[in-house]
Amino acid sequence: MSYAPPPRPDTRPCEVERVFRELVGKPWPGLAAGAAGCSSEPPEVRTFPVPLTPGQYYSLCNGHLRDVLDAIGRGKAHLATPAP
């Protein structure tokens with residue numbers, strides 16, 4: 001009898017560029033500006049930050065989730081209110 005681990009859910013690429021464009025209102029500075037690349041953990045679909053379009057959640061690695069939360073904490077983000 002062999003044991004196979006359960007299949008991992010499909011992962012999407014890290015969408016840090018989309019999050020910055022939609023919520024911060026400017027492009028993500030990217031690697032050229034000295035910003036960090038993706039962390040070693042695979043990106044996960046997040047329910048926070050709330051996306052501009054209801055139901056189209058962002059996929060972020062842990063490192064870029066911290067970047068987004070830092071930008072929100074500095075007041076540089078336009079937090080979305082989900083539509084009813």
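Quick one: would you say A80 is among the small types (G, A, S), at pLDDT below 90, surrounded by 12 or more Cβ atoms within 10 Å (Cβ to Cβ) and part of a loop (DSSP other than H, G, I, E, B)?
For A80, the condition - among the small types (G, A, S), at pLDDT below 90, surrounded by 12 or more Cβ atoms within 10 Å (Cβ to Cβ) and part of a loop (DSSP other than H, G, I, E, B) - is met.
Counting only residues that are under 12 Å from the mean Cα position of the chain (by Cα), assigned to a loop (DSSP other than H, G, I, E, B) and of a type outside the set (S, T, N, Q), which one in segment 19-44 is modelled with the lowest pLDDT?
Ranking the qualifying residues of segment 19-44, first place goes to W28.
The values are calculated or read from the model by the stated rules, or taken from the named source; none is laboratory data. Source: prediction; values computed, not measured. Every residue, glycine as well, gets a Cβ built from its backbone with ideal geometry; the counts of neighbours run over all protein chains shown.
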